[in-house]
Structures are given as structure tokens and as C-alpha cells.
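Notes follow the structure.
The values are calculated or read from the model by the stated rules, or taken from the named source; none is laboratory data. Small disclaimer: the values here were computed from a predicted structure and weren't measured. We place every Cβ from the backbone using ideal geometry, glycine too, and count neighbours over all the protein chains shown. Note: accessible area is taken over every heavy atom of the protein model, side chains too, but ligands, DNA and RNA are not part of it. Shrake-Rupley method; radii C 1.70, N 1.55, O 1.52, S 1.80 Å.
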Amino acid sequence: QGPGQLQVLSCFFIYYRSGSSKELEGGVNPVLLFKVLDSLLTEKSVLIGDGGDFVGTASRILRPRGPLSWLDPGAYGTLGVGGGFALGVKSVKPSSEVWVLWGDGSCTYSLAEVEPSVRHELPFIAIIGNDGSWGQIERDQSSMLGSDTGCQLNKDTPYHHIGQGYGAVALSLGEGATEQDIRDTLILAQLEHGRGNTVVVNVTLGRSKFRAGSISL
């Protein structure tokens, strides 16, 4: 490992231990969100990552409970797999509790898969990390090129209501949400999933430096 990798690891441990529960301006702390989610996972939980910074953060916090319980776009970052993976998992493992972790950019590729999940009774829980940008690209593009052109998204987009339009239960978290609010919302999502409902949770995120130094471009 080189000095750069050690610096990233050092920042990770410092942030995880001391700053993960701090409130961030503009929304929910993603590290805190995933720490709470990790405490709620069971042996039946299957995690599907489909995003950039949001999923990169999740991969450092969440602990898959067994083999084949973490699926993601792979080394080439082929975004858009989330919805299809969720339907596939529920088809072959109906008793599983499927969590799709979408970035607000990547969710637009397969959010429509909520509709067949409802129609075919293949429920899953989607958490959309909404930071209003293609964050993983924007971070380095802005610092290297001095421009965020093509990276900004509308942070006010009500992704949970889009999911509701397809038949899902709509939940949301935003600025001011406490750790207990996060826990209560995720538990409610689990209860709704247990009733056979697909759930879309729109989480407005605050901006953090947790992923600073990660390879993005």
C-alpha cells in the first residue's frame, strides 16, 4: 500500500469513529444511515448496490450476512443493474429481504422495475441516496477541471413519489432526521416489505468528505 491508500484508510477510520453520527448540512449523514441499516440486517438480507459514492460508502459500512448476499455493478461500474437484480433475487429466493441501494443518478436506469415488482409480487426495499449529483464523478471533475458540468441533478426530485406511482410504499428522510428517525423509517420499510409491499425510501443526503481520495475518474 502506498501513502495515498494509507491516507484514505486513515481518514475512513477517523470519520467512522468520530464523525459518523454528526448531522450534515443539507441532509442525512450517509455513514450514519448505513450504520443503522447494518444493525437491522438479518441472515435473510440481500444487499444490491447500484450507484457510485452512495454504494462506495455502503461497501465500507455494511456487512453482508453470507455468500451471495451482496451484488453490485462489478468492476466496470455498469450502472442500472439494481432493479433487475432485485427481481431476480426475489424470484429465486422469495423469503429473502432484498435491499436495493440506489444513487439518485443510477436509480433512473431501473426505478421503473418497481412496477413489475408490484405486479408480480416480488417486493424489495429501495433506498435512494439523493445528494443532487453524480457525486463520484463530480468530486474529481470539479477539483481537476474546475467545472461540475453534466454532474448536477435536482435534489428536490421526489423519488419516493415516483415509486409510489408504480405502486410502492413511499417513505422519506431528510435534513434534521435523527438516528432514531432513521431507525424507525427503516424498520417501517421492513414491516411493509414483510407485508408483501415494495418500498421506496428517498433519503436526502448531506455532503461529506467520507469518500475524498477515492478513485473516481
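Cβ neighbours within 10 Å, averaged per peptide: list 27-33, 98-104 in order, most packed at the top. Could you put the intermediate results ahead of the total?
Working: 27-33: 24.4, 98-104: 27.6.
Final packing ranking: 98-104, 27-33.
What does the charge count around GLY103 come to, taking other residues whose C-beta lies under 11 Å from its C-beta (Lys +1, Arg +1, Asp -1, Glu -1)? Can you show the working numbers first?
Numbers: positive: none; negative: ASP50, ASP53, ASP104, ASP131.
Combined, the nearby Lys, Arg, Asp and Glu give -4.
Quick check: Cα centre of segment 163-207 to Cα centre of segment 43-97, how many Å?
18
Give the carbon-plus-sulfur fraction of the accessible surface of segment 44-103 in %, rounded to a whole number; probe 1.4 Å, heavy atoms of protein chains only. Don't jump to the answer; show the numbers that get you there.
Numbers: 1510 of 2510 Å².
Summing carbon and sulfur atoms, their accessible area is 60 percent of the total for segment 44-103.
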